[in-house]
1. Out of the residues in segment 105-121 that are modelled with pLDDT of 95 or more and assigned to a loop (DSSP other than H, G, I, E, B), state the one that is nearest to Gly351 (Cα to Cα).
2. When segment 93-129 is examined, which residues are found to be more than 19 Å from the chain's Cα centre (by Cα) and not charged (D, E, K, R)?
3. What pairs come out if I take residues in segment 174-191 that are outside the structural domain of Ile209 (by TED's automatic domain parsing) and pair them with residues that are among the charged types (D, E, K, R) and near ligand 2 (Cβ under 7 Å from one of its atoms) whose C-beta lies under 9 Å away, six or more apart or interchain?
4. What are the residues in segment 337-351 that are in contact with a helix residue (DSSP H, G or I) (Cβ under 7 Å, 6 or more places away or on another chain) and either modelled with pLDDT under 90 or under 16 Å from Arg57 (Cβ atoms) (or both), if any?
5. Could you list, in sequence order, all residues of segment 173-193 that are of a type in the set (A, V, I, L, M) and under 21 Å from the mean Cα position of the chain (by Cα)?
6. Looking at (1) of a type in the set (A, V, I, L, M); (2) more than 22 Å from Gln306 (Cα to Cα); (3) touching a residue at least 24 places away in the same chain (Cβ under 8 Å), which is the only condition Ala194 fails?
7. Any idea how many residues of segment 112-140 are within 7 Å of ligand 2 (Cβ to nearest atom) and on the phi > 0 side of the Ramachandran plot?
8. Identify all residues within segment 243-265 that are in contact with a Phe, Trp or Tyr (Cβ under 9 Å, 6 or more places away or on another chain) and at pLDDT below 95; write none if there are none.
Amino acid sequence: MSPAMTSSNPPPRTIPSGGDNLRRIHRLDAIKALVNTTVNIHPRNVILPRPIDSLRRGEWVKLICGASFEDAADIRNLSLVYTLAGAMNIGSIERPWVMISVNDDKEDLHFRKAEFDPENCPLDCSRPCEKVCPANAILLKKSSTGQHSLGSSDASDRLQGGVVTERCYGCGRCFPVCPFDKIRAKTYIRETAATSELLKRNDVDAIEIHTTGRHIHLFNELWDTLGTSIKHVKLVAVSMPDIGNSTFSTMQDMHTIMESRLLGYNLWQLDGRPMSGDIGRGATREAINFAMRLAAIPDKPHGFYQLAGGTNLHTIDCLKKVGLFKAIKFSGTGGIADSAQALIGGIAYGGYARKIVARVLHKLPTQPGCMLIEDYPEYLMEALREALTLVGPVKSYNMPLSCPQCAQVH
Ligand code: SF4
Ligand code: SF4
């Protein structure tokens, strides 16, 4: 199994169902049977790849749960759907790698939350903030004190609710749509000491350092503070946007900083347009341009490369058009010399991946985030088909034409 998942925190150690082990085993068997009989994937290579093999072959998929997204129940359902979509062999599902995120700079867009005081909102506002939020993180309702006097019916009404902090992942979509400029962004830096402790857990496999790339001393400080805890992970990823001429030299400098304590693999996340994966066709262009700039330089930063920041349904087609999807003669990355491997080892899907599956999660009969999706097999399968539209092309699945969503991408 190759997908990795990122989140601010690792998933809970136990499935939040309250069920016993036997119930879980039966549930897993039921999912396998369901997937085997309904999705009918025919992988070209039936050998289960290790995650690093997936990176070498350009078949790595990372589900970005959101560095600031903290709704553990929702993360759990999303992760299950994308784990199944990434399983090359449904009979041998393994736990995907779990990656946790930190940042070195408050300017990083991934570590922010929206906030506003609903009591300051005009009562007649049409609430566009609520409508644009892809995470259902804004909940508002009108309340009344019941002290209306004759002829002043709305004088004591007010809005209640606001941003559900753990569901807001800072996408920024609500900021510009507020006609009264009431929404602010609250940025923060994840506490490094707590992160270091998490890295020592057996169920945390990788870390991702988000950096703006503009303050190398901040990166250096963060790396120093993480100390020897970094030796517990198999993979260190660094996510940064294209900052122009100094991009690749900055990556080289960062690698020099990390080198002495880097025991596992390292991965560069080329963050084309941070936090923009689900807003249309143009969004993927910057990520592709970043990859093309990397492909053109002879002295590439050491490590694997993954695209993010604008990745969506069109990303693989765009990569194919510019000749950057899979097998490229390459030398000297991650300790591998002179091998044919993908320049772009993988794709990280974030907002877009969440959006297409959330369409299904929101159909579940109770509040989103409070139930196990596998308890509703028809919705699990629908969500899985959506997920396969993203994961299938990366892994070159031969998907049957009977699956309408999958057929659209071929
Ligand atoms: S920043 Fe994005 S996720 Fe957060 S409340 Fe606004 S629209 Fe929703
Ligand atoms: S759009 Fe602005 S004013 Fe209207 S409800 Fe949302 S935050 Fe309040």
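1. Once the filter is applied, the top-ranked residue is Phe116.
2. Answer for segment 93-129, where residues must be more than 19 Å from the chain's Cα centre (by Cα) and not charged (D, E, K, R): Ile93, Phe116, Pro118, Asn120, Cys121, Pro122, Leu123, Cys125, Ser126, Pro128, Cys129.
3. Cys174/Glu130
4. Matches in segment 337-351: Gln341, Ala342, Leu343, Ile344, Gly345, Gly346, Ile347.
5. Selection gives Ala185, Ile189.
6. Unmet for Ala194, out of (1) of a type in the set (A, V, I, L, M); (2) more than 22 Å from Gln306 (Cα to Cα); (3) touching a residue at least 24 places away in the same chain (Cβ under 8 Å): (3).
7. Residues meeting the conditions: 1.
8. Of everything in segment 243-265, those that are in contact with a Phe, Trp or Tyr (Cβ under 9 Å, 6 or more places away or on another chain) and at pLDDT below 95 turn out to be Arg261, Tyr265.
The values are calculated or read from the model by the stated rules, or taken from the named source; none is laboratory data. Values in this document were obtained by computation on a predicted structure and should not be read as measured data. Positions of Cβ are backbone-derived with ideal geometry, glycine not excepted, and every protein chain shown enters the neighbour counts.
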